[in-house]
Amino acid sequence: MKKAEIKRISEKLISKPKLVWDAIDKREKKKVFDFDKEYQNFLNKAKTEREAVNVISDIALKNSFSLNPSGTYPIRMMKTFQGKSIALSISGEKPINEGINLIVSHLDSPRLDLKQNPLYEEVDLAFMKTHYYGGIKKFQWLTRPLAIHGKVIRSDGSSLDIVVGEDDSDPVFTVADILPHLAKKVQTDKKVSDAFVGEKLNLMVGSLPFGDKDTKDRFKLAILNLLNERFGLVEEDLISAELEVVPAGIARDVGWDRGLTGAYGQDDRSCVFTSLKAIIDIKNPQKTALVLFVDKEEVGSDGATGAKSRFLESVLADLMIANGKEPLYHEIHKILMNSRALSADVNGALDPDFQDLHEKRNAARLGYGICLTKFTGAGGKYGSNDANAEYVGWLRNLFNEKKIVWQTGELGKVDEGGGGTVAKFLALYGMQIIDCGPPVLSMHSPFEIAHKGDIYMTYRGYRAFLES
Ligand code: MN
Ligand code: MN
């Protein structure tokens, strides 16, 4: 057999993932960078689930989504819930009972939450107690500038939004760590899981006293006095508050060539932004397009604003009413059973320094495009939604046809660990669903890394899906 013939057969038969940078031309490479600028801007403005809902609804309103859409087609509807979850939809040309195209991502990211009685003083310094939220490596949150974002409800019922630590003129906060010289017994000689203790993640918030040396608790009092002067707060107000401690600072280009984005919260706000852009950019979809942004994924999707809630059913009921149909329970379920969905979430990219933790043939790689993760789970696919072959087949053909650069991934080697996301909760409705999003490095850290080419292909993939 001739060499050329062997090459032809090899190209025809062997599956080979493509690097985004090899697959796109100069014009599209420029688009990748332009898109990423907007993405970084979004990340900077949406560092908590509440902020993300605000930013998304502002953008949606500017793009003629409405809380009370009128009867003109296509109906562009927006619905928010408790300030922590939001849905955007565009009615399709086909009847809604033929099913919808749904993308679900999550707005929350791992962080430190302030406790309800946070403030205390110790050795003439003021601190606030925290309780970490989601799966963090605790040591990554020490000795770095941190900001406080969140909401406080005062005794008169008025609400206050706080962001401190982001403006260049703001102070920041930090969690101190023991110097290496004294760390031997408490950290260095211990297992990492024992060396860093949640109850020691105390936020340093002050160092100047109030009153004279006879004043009781004068370092704590100094902070309370400051909070009162600046925000009109008293200590009890902190009980009715949700104050989140996140890494201070903005998203940055990473590398000499600026090909990567480094930022806090790319799990999962990379999928939030790309699915938001996708629904904004589609015009008249065949099927009803629905993009859902939920909260609480990092702590198991529980609660009124998580993926396990009935928010989706409520959105569908509103959609049916907007379409002039009676929102009967069994009709809503029929729609859901006829629907296709993407669980839009990041996957862990093949780590260059820990390649042994991945099985390379099946690991997602930075730069190889949007990643399809057929199953998640751990220890024998336990706790996984395992997407149907029929659905994977349909989706890969769609991506190929639309020239979306895509790859597949799994979360680490068999028996190495694992994880899961919202897919399994939505699969309970009977819809076809698969995890689909960009790979990231340093996931759940204060500075997660994504490839700009992957972020762009994720947007293109979501858009192609909503247009299908
Ligand atoms: Mn996630
Ligand atoms: Mn996560």
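The values are calculated or read from the model by the stated rules, or taken from the named source; none is laboratory data. Owing to the predicted nature of the structure, the values given are computational and were not obtained by experimental measurement. Neighbour counts run over all protein chains shown; Cβ positions are idealised from the backbone, glycine included. Surface areas here come from the heavy atoms of the whole protein model, side chains and all, with no ligands, DNA or RNA. Shrake-Rupley method; radii C 1.70, N 1.55, O 1.52, S 1.80 Å.
Observations on the structure shown:
- Heavy atoms of E410: accessible area, 1.4 Å probe, square angstrom to 10: 30 Å²
- Low-density loop cleavage sites - chymotrypsin sites (Phe, Trp or Tyr not before Pro) in region 280-385, where at most 14 other Cβ are within 10 Å (DSSP): F354
- Alpha-carbon geometry of region 322-468: the Rg and the Dmax are 16.3, 56 Å, given in that order.
- Averaging 1/r over each pair of different alpha-carbon atoms in region 187-291 and inverting the result gives 19.6 Å, the Kirkwood hydrodynamic radius.
- Cα-projected label distance for N41 with F139, points at 7 Å along beta-carbon direction, nm: 3.9 nm
- Among E236, E298, the sequence by solvent-accessible area, most first, with a 1.4 Å probe is E236, E298.
- Take every Cα pair under 8 Å whose residues are at least 6 apart in sequence, average their separation, divide by the length of the chain, and the relative contact order is 22 percent.
- Calculated diffusion of region 111-247, Stokes-Einstein form, Kirkwood radius summed over Cα pairs, 4 °C and 1.567 mPa s, µm²/s: 81 µm²/s
- Carbon and sulfur %, accessible surface of region 111-247 computed with the full protein complex present, 1.4 Å: 55 percent
- Relative contact order of region 213-264, defined on C-alpha pairs under 8 angstrom at six or more residues apart (%): 19 percent
- Spacing of the two label points (7 Å from each Cα toward its C-beta) at V172 and N362, in nm: 4.0 nm
- When peptides 428-438, 182-192 are sorted by average Cβ neighbour count within 10 Å, with the highest value leading, the order is 428-438, 182-192.
- Sparsely packed trypsin sites (Lys or Arg not before Pro) within region 84-166, loop by DSSP, other Cβ within 10 Å at most 12: none
- Cross-linked pairs K45/K191; K37/K94; K45/K115: Cα-Cα separations exceed 29 Å for K45/K191; K37/K94.
- Given K296/K325; K287/K402; K3/K26; K79/K308; K62/K277; K18/K413, the pairs whose alpha carbons are separated by over 20 Å: K296/K325; K3/K26; K18/K413
- A simple spin-label model places the labels of S158 and H181 4.9 nm from each other, with each point 7 Å out along Cα-to-Cβ.
- Taking all Cα pairs closer than 8 Å and separated by 6 or more residues, the relative contact order of region 111-247 comes to 38 percent.
- FRET efficiency for the E401 to N284 pair, using the beta carbon distance and R₀ = 22 Å, is estimated at 0.70.
- Extension reserve of the R27-K94 stretch, reckoned as 0.36 nm per residue once the Cα distance is removed: 20.7 nm
- Using alpha-carbon coordinates, inclination of helix 3-13 to the longest axis of the chain, degrees: 70 degrees
- Across all directions, the average projected area of the convex hull around the alpha carbons of region 121-173 is 5.8 nm².
- Probe 1.4 Å, accessible area per residue of the chain, Å²: 49 Å²
- One compactness figure for the chain is 1.06, namely its Cα radius of gyration divided by 2.2 N^0.38 Å.
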